[in-house]
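First the structure, in the form of structure tokens, and then the observations on it.
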Amino acid sequence: MDNGAHALVDHLFRHQAGRMIATLTRIFGPRYIDLAEEVVQEALVKALQQWPYRGVPENPTAWLIQVAKNRALDLLRREASLREKSEEIVRAFAAQEEFANRRIETGRGGELFDDTLGMIFMACHPSIPREGRVALTLKTVGGFGVSEIARAFLAKEPTVAQRLVRAKRLIRDEGVTFDLPGEAEMSTRLDSVLEVLYLLFNEGYTAHSGENLVRADLAQEAIRLCSLLVRHRATNRPKCHALLALMMFQAARLPARMGEGGELALLSEQDRSLWDRRMIYLAYKHLEAAADGDEFTEYHLQAAIAACHAAASSYELTDWVEIVRLYDLLIALNPSPVVALNRAVAVAKWKGPEAGIRAIEEISRHPALQHYYLLPATLGELWSEVGDAEKAADFYRQALNHPCSEPERRFLSKRLEATGGA
Amino acid sequence: MPQFMLISQDSMEIPEGFEITPEIIQGVIQKYNDWAEGLRKSGHLVSLNKLRDEPGKNITGVGPNQVVTDGPYAETKEIIGGYWIITAANYDEAVKLASTCPSLEFGSRVEVREVEDLSTFSG
């Protein structure tokens, strides 16, 4: 009766839930996505009831698949409309189990992820509003709970639940299918997927804080899903590589992004020896793959900018001229005031803080920047570099009046204090 | 070395509105796994077992008065989820080992009972 101890793989349940929901949704059909989720939840709860006492089985993944299969078959017996699918379910789960036994095969085995990819395209269908796409992707593909999604996006649980219900209704009403999009549709459908992944990543990255580990999970999840895209031959497009490169360059900096006291460390202050070199190496590989072809997207430019930072041995030795050039291209593609603000910072590093301040003044009246704390915060930085402590303090105070996360708030207060204006 | 049975009396109720996410489920299992692994490594764990939640039967009486009911749900909201058998020098040590059982964190009651060693009487 002695079960060998078996440590659980990180996020096994979350990832396995995503895979099983995807397989069941393909078999049952998109309109039965709720049933798929229910079956999977029951399998997980069964593990919760048994494993604490009997120990973790030798192959936890195969165990979960087996239980989910049995639950699904029970359900098929009850639901007349689904009954003829029972052979398909047995076959699909046998394939999954074989996959589980073989452990995760990376590299060429991309087709094994068909179900997960089908699910991503379904959840990110353009007919679903953006928040709904994000929530549905996290819930069904990522195996996140409603409470986790709500926490990550600072939304109320009922709001997230509502978004999910609406997204599923749209899938039913619009007759969204589970298949991978055809060649003609692929590029636009991919844009919709990449937009969701980019949003997921940014939410996880910019708000990264020790108090809120779920957010680091979001960044990891976005990278995981984007990795699936580039591994499959139908979705192995340059723009997917570009986004993946961008996310990896930035994620490589996460270990250096938090100071000892849990405060935010800016790029200029980060201990670069903490950067994840392996991740940066992989990011370069994907940037290379992104250049292969005639696609040229914002992700390409942003990844190139991130690569400039990764290549610099210190903040001072960064190639600011090249970065300003890339920002100019980026603004030509997407004239966003936030991008212009980032460009102004690079201009300041290249030509001095006064030039940066002038560049910011050109965009400071833009309505989209009126509640954006980074605008006054950046001006505060630049004025303190110029040596005008009074102006700097004034802008830091303005920045603190805008909404921002706790670590960011602590950071700004510290800066304000340093000007002697606290 | 005396053996003790640790019996986990689990509550059947999940608080209203509480969502059991895959991550939470894994976290709970991990806790039990780590705890049992600690007992195994220190040489205290003899065996562990899960009791099936369903169907469960209760029998009372004999002959024509015998009644078999479904249970144990009828009488109580608590159910014996499972048990561990450990070795310990005495009750003090057994209680000490049981005191870190994850069930306690989740509101369960853990009963500690010494197993009577019948082998000394049989020879």
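Tabulated data for the structure shown
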| quantity | calculated |
| --- | --- |
| Long-range HN-HN contacts of residue A:264 with modeled amide H, under 5 Å | A:259, A:411 |
| Spatially proximal lysines relative to residue B:41 (Cα-Cα < 28 Å; intrachain offsets below 8 disregarded) | A:46, B:31, B:50, B:96 |
| Cβ-Cβ FRET estimate between residue B:65 and residue B:105, R0 fixed at 56 Å, reported to 0.05 | 0.85 |
| Within-12-Å neighbourhood charge of residue A:285 [Cβ basis; K, R +1; D, E -1] | -1 |
| Summed residue charge, Cβ within 13 Å of residue A:200's Cβ, Lys/Arg positive, Asp/Glu negative | -1 |
| For residues of B:29-38, the mean tally of beta carbons on other chains within 10 Å | 5 |
| Loop GluC sites (Glu not before Pro), segment B:1-84, which have at most 15 other Cβ atoms in a 10 Å radius of their Cβ (DSSP) | B:13, B:16, B:19, B:75 |
| Dipole magnitude (debye, nearest 20) for segment A:148-292, charges at Cβ of Lys, Arg, Asp, Glu | 260 |
| Separation of the residue A:350 and residue A:84 label points, Cα + 7 Å toward Cβ, nm | 6.5 |
| Cα gyration tensor shape of the protein assembly as shown, rounded if a/c is under 1.5, else prolate or oblate by comparing a/b with b/c | prolate |
| For A:41-49, mean number of other protein chain Cβ atoms within 10 Å | 4 |
| Mean separation of Cα contacts under 8 Å (6+ apart) over length of chain B, as relative contact order % | 48 |
| Sum of side-chain charges, residue A:173 neighbourhood, beta-carbon under 14 Å (Lys, Arg +1; Asp, Glu -1) | +4 |
| GNM flexibility winner over chain B from B:98, B:36, B:89 (Cα, springs under 10 Å) | B:89 |
| Cβ-placed point charges (K, R +1; D, E -1), dipole of the protein assembly as shown about Cα centre in debye, nearest 20 | 680 |
| For chain B: rounded, prolate or oblate by the Cα gyration tensor [a/c cutoff 1.5] | oblate |
| Extension gain (nm, one decimal) between residue A:266 and residue A:295, 0.36 nm per residue minus Cα-Cα | 7.3 nm |
| Fewest-first ranking of A:173, A:114, using other Cβ atoms within 10 Å as the exposure measure | A:173, A:114 |
| Mean ellipticity per residue at 222 nm, deg cm²/dmol - from DSSP H runs of n ≥ 4 across chain A, formula -39500 (n - 2.57) | -21500 deg cm²/dmol |
| Theoretical FRET efficiency, 1/(1+(r/R0)^6), r = Cβ-Cβ of residue B:95 and residue A:331, R0 56 Å, to 0.05 | 0.20 |
| FRET efficiency, 1/(1 + (r/R0)^6) with R0 35 Å, evaluated for residue A:54 and residue A:95 via beta carbons | 0.80 |
| Selected from B:38, B:82, B:56 as most flexible by GNM, with chain B as the system and alpha-carbon contacts under 10 Å | B:56 |
| Sparse-neighbour loop sites [chymotrypsin sites (Phe, Trp or Tyr not before Pro); segment B:1-62; at most 14 other C-beta within 10 Å; DSSP] | B:18 |
| Within straight-line cross-link reach of residue A:285, lysines at Cα separation under 16 Å, skipping those fewer than 8 residues along the same chain | A:239 |
| Computed over chain A: relative contact order in percent, which uses C-alpha pairs under 8 Å that are six or more apart | 10 |
| Order of A:116, A:137, A:177 - criterion: other Cβ atoms within 10 Å of each residue's Cβ, fewest first | A:177, A:116, A:137 |
| Inter-site label distance for residue B:119 and residue B:16 at 7 Å from Cα along Cβ, in nm | 5.3 |
| Residue order, fewest to most beta carbons within 10 Å, for A:404, A:124 | A:404, A:124 |
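All of the numbers you see were taken from the coordinates with simple rules; none came from a lab. Keep in mind it's a predicted model, so treat the numbers as computed, not measured. Here the Cβ is made from the backbone with ideal geometry for all residues, glycine too, and neighbour counts use every protein chain on show.
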